[in-house]
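A.B. asks: One structure, as structure tokens, below. Some questions next.
The values are calculated or read from the model by the stated rules, or taken from the named source; none is laboratory data. All values derive from a computational prediction rather than experimental measurement. Cβ coordinates were reconstructed from backbone atoms using ideal geometry, including for glycine residues, and neighbour counts include every protein chain displayed.
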Amino acid sequence: MQTVHTIMNNIANLRVHIAPVGFEVDRVVIPAKNMRADKVWLLVHDNPSEDKGKPYTEKMLSEFKKMNIKVELAKVDRLNLFQIIKAVKEIVEKEKNNDIYINVASGSKIHAIACMMASMIFNDKQNIKPFYAEAERYAAFEGKQQSFGVKKVMPLPTYEIHTPKPVLVQALKIIKENGGKITKKEMAKLVYENKLIVVNAREENFQQARFASLDKNIIQPLLQEWKFIEIEQIGRNRWIKITPEGLGAEEFLT
């Protein structure tokens with residue numbers, strides 16, 4: 001027996017689809033229709049002059065209008081993996097109280113990888129359901145709509161991808177904001193001021209204790225576990241440098 005509270009929760013949860021825009025129409029529209037979507041987010045290219053998917057966006061907008069399905073557009077560089085992950089993250093945060101279905105079939109390979117990664121990274125929300133829409137038939141010529149119809153929709157399993165603790169992400173942000181390279185001395189000062197580490201020591205031992213806390217709680221996890229930084233000795237100074245992997249992680253996690 002359902003309580004009034006349960007019924008109200010079910011009513012409140014919208015069915016939200018997230019779909020990258022490529023050269024597809026049916027593999028976005030048909031699943032949204034058959035799965036009774038209340039709302040669709042389309043990931044469109046952020047540069048209109050280079051957006052070859054614009055005609056397909058317009059076709060989908062027309063179809064969704066007929067079906068009375070609300071549509072919102074999220075603009076993102078279709079070639080930037082980390083920006084796409086971040087865009088999906090931001091949509092997930094906006095729709096956190098709804099059921100979210102992520103379509104990994106409608107865009108490019110980069111779109112598919114980013115959407116599946118986002119599903120795994122943020123699947124602690126429990127309301128994220130990635131799926132693949134198999135086409136009935138495919139076009140023979142490049143530059144045309146790539147597929148037609150939908151043969152079936154296959155739910156995809158997700159496995160959680162662990163992400164760094166928030167203090168580590170904030171530490172990466174500090175490094176990036178300082179040009180991607182910072183001395184250990186300056187880093188110790190900034191992480192302490194931003195309350196990313198705690199130092200319980202007398203004044204005469206404070207500097208040494210702060211360095212020890214920085215090493216244990218920030219540097220070692222970022223260096224050994226995540227490979228997001230590297231350490232370089234220049235003269236008497238030790239420099240902390242963010243790696244390309246660290247830059248990518250900072251981009252979509254902050």
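A.B. asks: Could you tell me whether any residue of segment 233-254 is under 16 Å from residue 167 (Cβ atoms), among the polar types (S, T, N, Q) and touching a helix residue (DSSP H, G or I) at 6+ places or on another chain (Cβ under 6 Å)?
C.D. replies: Start the filter on segment 233-254 by keeping residues that are under 16 Å from residue 167 (Cβ atoms), which leaves 240, 242, 246, 249-250, 253-254.
In the following step, the residues that additionally are among the polar types (S, T, N, Q) were identified as 254.
With touching a helix residue (DSSP H, G or I) at 6+ places or on another chain (Cβ under 6 Å) added as a condition, the list becomes 254.
Yes.
A.B. asks: Mind checking which residues of segment 92-105 are under 22 Å from residue 133 (Cα atoms) and surrounded by fewer than 19 Cβ atoms within 10 Å (Cβ to Cβ)?
C.D. replies: Answer for segment 92-105, where residues must be under 22 Å from residue 133 (Cα atoms) and surrounded by fewer than 19 Cβ atoms within 10 Å (Cβ to Cβ): 98, 99.
A.B. asks: Take the residues in segment 19-71 that are part of a loop (DSSP other than H, G, I, E, B) and charged (D, E, K, R), then tell me which one is surrounded by the fewest Cβ atoms within 10 Å (Cβ to Cβ). Quick ask: steps written out before the conclusion?
C.D. replies: The first filter runs over segment 19-71 and keeps only residues part of a loop (DSSP other than H, G, I, E, B), leaving 21-25, 35-38, 46-47, 51-53, 67-69.
With the extra rule that they be charged (D, E, K, R), the set shrinks to 24, 36, 38, 46, 51-52.
On the way: 24: 24, 36: 9, 38: 15, 46: 15, 51: 16, 52: 12.
Applying the filter and picking the extreme gives 36.
A.B. asks: Continuing with the same structure: Any residue in segment 1-26 that's closer than 21 Å to residue 151 by Cα: show its pairings with residues that are surrounded by fewer than 17 Cβ atoms within 10 Å (Cβ to Cβ) and at pLDDT below 55 at Cβ separation under 9 Å, as long as the two are six or more apart or on different chains.
C.D. replies: 23/142
A.B. asks: Residues to consider are 205, 194, 178; find the one that is of a type outside the set (A, V, I, L, M, F, W, C) and in contact with a helix residue (DSSP H, G or I) (Cβ under 7 Å, 6 or more places away or on another chain). I'd like the intermediate steps shown before the answer.
C.D. replies: Details: 205 fails: in contact with a helix residue (DSSP H, G or I) (Cβ under 7 Å, 6 or more places away or on another chain); 178 fails: in contact with a helix residue (DSSP H, G or I) (Cβ under 7 Å, 6 or more places away or on another chain).
Step by step, each of 205, 194, 178 is checked, and only 194 is of a type outside the set (A, V, I, L, M, F, W, C) and in contact with a helix residue (DSSP H, G or I) (Cβ under 7 Å, 6 or more places away or on another chain).
A.B. asks: Can you tell me which condition residue 177 does not meet? The list is (1) crowded, with 17+ Cβ neighbours inside 10 Å; (2) modelled with pLDDT of 95 or more, and all the others hold.
C.D. replies: Among (1) crowded, with 17+ Cβ neighbours inside 10 Å; (2) modelled with pLDDT of 95 or more, residue 177 violates only (1).
A.B. asks: Conditions first: (1) surrounded by 14 or more Cβ atoms within 10 Å (Cβ to Cβ); (2) touching a Ser or Thr at 6+ places or on another chain (Cβ under 9 Å). Residue 237 passes all but one, so which condition is the exception?
C.D. replies: For residue 237, the exception is condition (1).
A.B. asks: Okay, moving on. Just give me the residues in segment 198-229 being surrounded by fewer than 14 Cβ atoms within 10 Å (Cβ to Cβ), more than 24 Å from the chain's Cα centre (by Cα) and within 30 Å of residue 81 (Cα to Cα), in sequence order.
C.D. replies: Matches in segment 198-229: 220 only.
A.B. asks: With the structure loaded, tell me whether residue 108 is of a type in the set (S, T, N, Q) and surrounded by 16 or more Cβ atoms within 10 Å (Cβ to Cβ) or whether it fails that test.
C.D. replies: Details: of a type in the set (S, T, N, Q): yes; surrounded by 16 or more Cβ atoms within 10 Å (Cβ to Cβ): yes.
Criteria met by residue 108.
A.B. asks: Here's a follow-up. Can you tell me which residue is surrounded by the fewest Cβ atoms within 10 Å (Cβ to Cβ) among those in segment 72-90 that are farther than 14 Å from residue 107 by Cα and touching a Ser or Thr at 6+ places or on another chain (Cβ under 9 Å)?
C.D. replies: 73
A.B. asks: Still on this model: Sort through 191, 150 and tell me the only one that's touching a residue at least 60 places away in the same chain (Cβ under 8 Å) and either surrounded by 15 or more Cβ atoms within 10 Å (Cβ to Cβ) or assigned by TED's automatic domain parsing to the domain that holds residue 94 (or both). Explain how you work it out, then say what you get.
C.D. replies: Numbers: 191 fails: touching a residue at least 60 places away in the same chain (Cβ under 8 Å).
None of the other options fit; the residue is 150.
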